[in-house]
Amino acid sequence: MAENALLTAPVSKLKQLLGDRTVSSEELTKAYLAQIAAENASLNAVVTVCAEEALASAREADAQIARGTTRSLTGIPLLHKDIFCTEGVRTTCGSRMLESFVPAYDATVVTKMKAEGAVMLGKCNMDEFAMGSSNETSFFGPVKNPWDLSCVPGGSSGGSAAALASGMAPLVTGTDTGGSIRQPASLCGVTGLKPTYGRVSRLGIIAFASSLDQAGPMARTAEDCALALTAMSGIDPGDSTSADISVPDFHSALSTDVNGLRIGLPREYFNDDLDSRVRENVMAALAELERAGAILHDIDLPHSHYAIATYYVIAPAEASANLARYDGVRFGYRCDAPADLEDLYQRSRSEGFGEEVQRRILVGTYALSAGFYDAYFNKAQQVRRVITEDFQRAFEQVDVIAGPAAPGVAFPFGSKQQDPIAMYMEDIYTLAVNLAGLPGLSTPAGLIDGMPVGLQLIGKPFDEQTILNAAFRLQNDTDWHLACPDLASLSS
Amino acid sequence: MSWEIVMGLEVHLQLATQSKIFSGSSTQFGASPNVQADAVDLGMPGMLPVLNEEAVRHAVTFGLGIGARIGQRSVFDRKNYFYPDLPKGYQVSQFFAPIVCEGIFEVPLENGSLYPIRITRAHLEEDAGKSVHDEFAHETGIDLNRAGTPLLEIVTEPDFRSAEQAVAYLKALHSLVTYLGISDGNMAEGSMRCDINISLRKQGSDELGTRTEIKNVNSFRFVERAIHSEYERQAEILERGGAITQETRLYDADKDTTRSMRSKEVANDYRYFPEPDLLPIVIDEAYIDAVRQSLPELPTAKRERFLAEYGVSEYDASLLVPNHDMADYFESVARASGAAKLAANWILGDLSAALNRHELSITESPISAELLSGLVSRVEDGTLSSKLAKQVFDALWQGEGDADQIIAARGLKQVSDSSALEAMVTEVIANNPDQVAQYIAADEAKRKKLSGFFVGQIMKASQGQANPQMINQLLLEKLESQS
């Protein structure tokens, strides 16, 4: 198998190759490490490479394969977003604040992926503390979109999406607080799944907004996402908000049968504000599902237009508390020669956090302040309930809700950075899903002027299976998900 | 002008759990700095709290102990502020919906009456760590062993009108929580700390004056002194027409005065909001019933029972009951010896005195309840005179065996055999004819004095073992027969 084909093969294919000993995990690992070495200088998708550790666990995986004691991901290379704590491996969260932070523990997701035999190659760049939609807020510099190096990969899991799209790994993890898996998946032409809130443990994931954060997989196919989701999911006694609900084997339950599947198209998503080319691509994908037997319905999510305002009160409010621990006292960045305690706090935080993080801390602090709590935070909580009820009502009529994953394709660097509101609009189709705690995925829906665009499928709580099945069918019937950037031209 | 003092108290009670409220670290007191702080206690990135069910149970136990309403759905909130010994930059507490809601706590006063105090609420929260300022030059040490220790903050309405009431409340509260087994109540180790909200108003006024809050007073004595001192300070200001500044103050025991904690009063905005990392605590009737079933007998009930069942005095009951170890000790001795009043006398008398002298608690007593009941039994059945009993008590304290062994070994048995005693009386009368003559000649008053001489001689001859009551009796008979 040609090197290039190996780098763009889905996990399901690699499993087969490992199983019949066509390739070893060590060979695979070396191939991906080589790709990272070759392309990362131009893409900046990976912030930490663990070559030695990766090769050691690849050889261990090969021994297991030889013994026939394999697990679901034995020998499969993987990159984690640098928001997952990794024992003994620097975990930066894209911030100067944690530039040299080495956790003494693994996140539950990391533990589970290890237990399933996956080989960790390293850690992916990301927007600082997952705050951003373009990967321009990372202290370690912006990540470039492998489809067009002058464009952003999306964010905050932009490093993960770019690494996957550029063949640095066949499987990556991300987190999604307001669209941070689905939007970069859309902009980089990969499949990304945000599970139901509570499906995957948050323990060991550096918190941004605790009531919204959820980890999920990004991969080349819905099938791979199903495989990875099964490995990642499950109740965790260490995370009180992880759900006590059984985890199906999403992979073996995959089905191409979408006959009679009711797909709702919110009028609020397909209104005049939607870019006509995005509409065209999304509708083309939905037409494929319709051809396969799905039934399209127009539905209403009447409070959709409150989602951005609601999100940008709740998420910063929670973040303002979650990020209070970075005070220069126990770990993380500390300013030089503080004059006194006040100075230690002020300078450590002013120097350690970037502009967007500081903006959100200030917004969140304001929203929680005496005299504003009712008008902002409390009101936002009420609207959040109303938005959730919109979805509940809609799901009485349909099985899946569909829409765009992002308002457009990848945009050039700097084009939205000076305008926070324009940047926040990037997540207009994804935020409400986090507010309601629902599962959502983005699957490739073709290209616009050579740049990928995604179809978003939203499911009922804990019904990831149905949206995975729909994406699986779509990927069965089309080859949009197979499109990839020209890897040969990347480093040239 | 005469001022009425109005106070409400906030008590931070450390709950007696094995591990912390949100982590698995030990809550043991006195370990080396920071050895009992794990990644959760340190507020490390990605760490999450997991609620300790034992703390919830303790809180519910307290609520039922004071007959308060239990919040069926209580919620944790984040209280946001920066401080070096607050690792996460917020304290997890309960602000909007506490676990224990309103209740009434009946406080026994010294005069035997009950004084009802309205409990506003009691909520669960985590303790902060400790800043150590005096061990390092120009630096502050931080010890996070205490960070995450479960606390129950018990808040009252402004129902106190005197320092005595406040202290009586704290003592009763201390007694209650140790009875309930939800706290060790060790004030020296900070297990019970008190904030006092205090204001003055003109006698007869219904309006509340501007209050100050005295923080972190940790002994009954200091509470009393802090209140007196703050009363004097506020009264002095009001007398000369001044205004009280609403502020937080600290009590300085060395100077017996309170001082302002902050040079300028910054209105703290804690920006409370529901803690998204924890689920609400939902408590159903079955849970409440199960806790109710497991409630021990409480101090008020025990006091009533001691009066009725053992016939002890109100005063003795007020000393025996507050410390449940003491109450248990008493009850063991009273039951085993069948002599409750005598048991109470020994426990509150010689035993308490000896324990105080050696700075021991009742549970550390070298004389077990079983040993003391052996002594009490021998006093009750007349084997030991009170004088001999004190010797036996001292020997028990020294660990020389049980009362019967000591009596046998030292030959301390009281002689109550009437023929033996009669022989002694006869002998003393025969040996002291002059005194007998004086006795016969004397009037009633002098006779009493002279009979003391004879008793003394007999006790001396018997080495203290003669039964004094019987000797008196026999002596009287003999002397009367001679006159």
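The values are calculated or read from the model by the stated rules, or taken from the named source; none is laboratory data. Quick caveat: nothing in here was measured; it's all calculated off a predicted structure. Note that each Cβ is placed from the backbone with ideal geometry, even for glycine, and that neighbours are counted across all protein chains shown.
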Which condition does B:G464 not pass, out of (1) surrounded by 12 or more Cβ atoms within 10 Å (Cβ to Cβ); (2) assigned to a helix (DSSP H, G or I); (3) not assigned by TED's automatic domain parsing to the domain that holds B:N356, if it passes all the others?
(2)
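I'd like the residue in region B:32-60 that is under 32 Å from the mean Cα position of the chain (by Cα) and buried (at least 22 other Cβ atoms within 10 Å of the Cβ) and, out of all such residues, is farthest from A:T86 (Cα to Cα).
If we filter region B:32-60 for residues that are under 32 Å from the mean Cα position of the chain (by Cα), which is where we start, we get B:32-37, B:41, B:51-60.
Next cut, buried (at least 22 other Cβ atoms within 10 Å of the Cβ) only: B:36-37, B:41, B:52, B:55, B:58-60.
Values: B:Q36: 23, B:A37: 20, B:D41: 19, B:N52: 26, B:A55: 31, B:H58: 36, B:A59: 37, B:V60: 39 Å.
For region B:32-60, the residue satisfying everything is B:V60.
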Suppose we filter B:L114, B:L109, B:L124, B:L151 for residues that are closer than 29 Å to B:I288 by Cβ, surrounded by fewer than 22 Cβ atoms within 10 Å (Cβ to Cβ), in contact (Cβ under 8 Å) with a residue 40 or more places away in the chain and in contact with a strand residue (DSSP E or B) (Cβ under 9 Å, 6 or more places away or on another chain); which single one remains?
B:L114
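On the given criteria, is A:D343 acidic (D, E) and in a helix (DSSP H, G or I)? Full working, then the answer.
Details: acidic (D, E): yes; in a helix (DSSP H, G or I): yes.
Considered against the rule, which asks whether it is acidic (D, E) and in a helix (DSSP H, G or I), A:D343 comes out as yes.
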Looking for whichever is more than 25 Å from A:L98 (Cβ to Cβ) and modelled with pLDDT of 95 or more here; the options are A:R349, A:R291. Which one fits?
A:R291
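When you look at A:D244, is it surrounded by fewer than 17 Cβ atoms within 10 Å (Cβ to Cβ), free of Cβ contacts under 8 Å to residues at least 12 places away in the same chain, outside any strand (DSSP E or B) and not hydroxyl-bearing (S, T, Y), yes or no? It would help to see each step written out before you state the result.
Values: surrounded by fewer than 17 Cβ atoms within 10 Å (Cβ to Cβ): yes; free of Cβ contacts under 8 Å to residues at least 12 places away in the same chain: yes; outside any strand (DSSP E or B): yes; not hydroxyl-bearing (S, T, Y): yes.
Yes.
The rows are residues; the columns are (1) farther than 11 Å from B:Y272 by Cβ; (2) outside the structural domain of B:S131 (by TED's automatic domain parsing); (3) among the small types (G, A, S).
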{"position": "B:V56", "(1), (2), (3)": "yes, no, no"}
{"position": "B:V60", "(1), (2), (3)": "yes, no, no"}
{"position": "B:A68", "(1), (2), (3)": "yes, no, yes"}
{"position": "B:R73", "(1), (2), (3)": "yes, no, no"}
{"position": "B:R78", "(1), (2), (3)": "no, no, no"}
{"position": "B:F82", "(1), (2), (3)": "yes, no, no"}
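Residues are listed down the side, and each one gets a yes or a no for (1) within 14 Å of chain A (Cβ to nearest Cβ); (2) of a type in the set (G, A, S); (3) part of a helix (DSSP H, G or I):
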site	(1), (2), (3)
B:I244	no, no, no
B:Y251	no, no, no
B:N268	yes, no, no
B:L278	yes, no, no
B:Y287	no, no, yes
B:R292	no, no, yes
B:L295	no, no, no
B:K302	no, no, yes
Six or more apart or on different chains, Cβ under 8 Å: which pairs go from a residue in region B:410-426 that's assigned to a helix (DSSP H, G or I) to one that's small (G, A, S)? Could you list them?
B:R410/B:A395; B:L421/B:A466; B:M424/B:A461; B:M424/B:S462; B:M424/B:A466
Taking region B:348-368 on its own, how many of its residues are assigned to a helix (DSSP H, G or I) and surrounded by fewer than 21 Cβ atoms within 10 Å (Cβ to Cβ)?
12
Output yes when any residue across region A:414-423 is within 21 Å of A:G174 (Cβ to Cβ) and assigned to a helix (DSSP H, G or I), and no when none is.
yes
Within region A:302-332, work out how many residues are of a type in the set (D, E) and either over 24 Å from the mean Cα position of the chain (by Cα) or surrounded by fewer than 21 Cβ atoms within 10 Å (Cβ to Cβ) (or both).
1
Checked A:S233, A:S252 against criteria (in contact with a Pro (Cβ under 8 Å, 6 or more places away or on another chain) and either more than 14 Å from chain B (Cβ to nearest Cβ) or surrounded by 15 or more Cβ atoms within 10 Å (Cβ to Cβ) (or both)); the one match is A:S233
Subset of region B:229-256, residues among the hydroxyl-bearing types (S, T, Y) and under 21 Å from B:S2 (Cα atoms), comes to B:S229, B:Y231, B:T245
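Considering A:H297, A:H303, which residue is touching a Gly at 6+ places or on another chain (Cβ under 8 Å), away from chain B (no Cβ under 12 Å) and not charged (D, E, K, R)?
Working: A:H303 fails: touching a Gly at 6+ places or on another chain (Cβ under 8 Å).
When all the criteria are applied, what remains is A:H297.
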Can B:D316 be described as charged (D, E, K, R) and not assigned by TED's automatic domain parsing to the domain that holds B:V60?
yes
Is it the case that some residue within region B:4-19 is assigned to a loop (DSSP other than H, G, I, E, B), modelled with pLDDT of 95 or more, touching a Pro at 6+ places or on another chain (Cβ under 7 Å) and within 12 Å of chain A (Cβ to nearest Cβ)?
no
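Given the options B:L396, B:L384, name the one that is out of contact with any Phe, Trp or Tyr (no Cβ under 6 Å at 6 or more places or on another chain), buried (at least 20 other Cβ atoms within 10 Å of the Cβ) and not in a helix (DSSP H, G or I). Don't jump to the end; show me each part of the working.
Working: B:L396 fails: not in a helix (DSSP H, G or I).
Within the list B:L396, B:L384, the selection yields B:L384.
I'd like the residue in region A:439-464 that is in contact with a strand residue (DSSP E or B) (Cβ under 8 Å, 6 or more places away or on another chain) and not in a strand (DSSP E or B) and, out of all such residues, is farthest from A:T221 (Cα to Cα). Even if it seems obvious, please write down each step before you answer.
Filtering region A:439-464 down to residues in contact with a strand residue (DSSP E or B) (Cβ under 8 Å, 6 or more places away or on another chain) leaves A:439-447, A:450-459, A:464.
If we keep only those that are not in a strand (DSSP E or B) too, we end up with A:439, A:450, A:464.
On the way: A:P439: 17, A:G450: 20, A:E464: 15 Å.
Top of the filtered list is A:G450.
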Return the total of residues in region A:30-85 being part of a strand (DSSP E or B), of a type in the set (D, E, K, R) and surrounded by fewer than 21 Cβ atoms within 10 Å (Cβ to Cβ).
0
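For the condition crowded, with 23+ Cβ neighbours inside 10 Å and closer than 30 Å to A:F208 by Cβ, what is the one hit in B:F82, B:F76?
On the way: B:F82 fails: crowded, with 23+ Cβ neighbours inside 10 Å.
None of the other options fit; the residue is B:F76.
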A careful count of residues in region A:324-341 that are at the interface with chain B (Cβ under 8 Å from one of its Cβ atoms) and hydrophobic (A, V, I, L, M, F, W, C) gives 4
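What are the residues in region A:186-210 that are assigned to a strand (DSSP E or B) and within 14 Å of chain B (Cβ to nearest Cβ), if any?
Here is the first cut: in region A:186-210, the ones assigned to a strand (DSSP E or B) are A:191-194, A:200, A:205.
Across region A:186-210, the qualifying residues are A:V200, A:I205.
When you check A:V47 against the structure, is it among the β-branched types (V, I, T), within 14 Å of chain B (Cβ to nearest Cβ), under 21 Å from the mean Cα position of the chain (by Cα) and under 24 Å from A:R334 (Cα atoms), yes or no? Walk me through it before giving the result.
Numbers: among the β-branched types (V, I, T): yes; within 14 Å of chain B (Cβ to nearest Cβ): no; under 21 Å from the mean Cα position of the chain (by Cα): yes; under 24 Å from A:R334 (Cα atoms): yes.
It is false that A:V47 is among the β-branched types (V, I, T), within 14 Å of chain B (Cβ to nearest Cβ), under 21 Å from the mean Cα position of the chain (by Cα) and under 24 Å from A:R334 (Cα atoms).
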With the first residue restricted to region B:336-347 and required to be part of a loop (DSSP other than H, G, I, E, B), and the second required to be surrounded by fewer than 23 Cβ atoms within 10 Å (Cβ to Cβ) and hydroxyl-bearing (S, T, Y), Cβ contacts under 8 Å at 6 or more apart or on different chains are B:G338/B:S377; B:A339/B:S377
Which of (1) modelled with pLDDT under 95; (2) not in a loop (DSSP other than H, G, I, E, B) does B:A31 not meet, given it meets every other one?
(2)
Residue list for region B:42-57, restricted to those being out of contact with any strand residue (DSSP E or B) (no Cβ under 7 Å at 6 or more places or on another chain) and either more than 14 Å from chain A (Cβ to nearest Cβ) or more than 28 Å from B:H174 (Cα to Cα) (or both):
B:L42, B:G43, B:M44, B:P45, B:M47, B:L48, B:V50, B:E54, B:R57
Among the candidates B:I66, B:I21, B:I99, which residue alone is aliphatic (A, V, I, L, M), in contact with a strand residue (DSSP E or B) (Cβ under 6 Å, 6 or more places away or on another chain), surrounded by fewer than 23 Cβ atoms within 10 Å (Cβ to Cβ) and closer than 23 Å to B:D184 by Cα?
B:I66
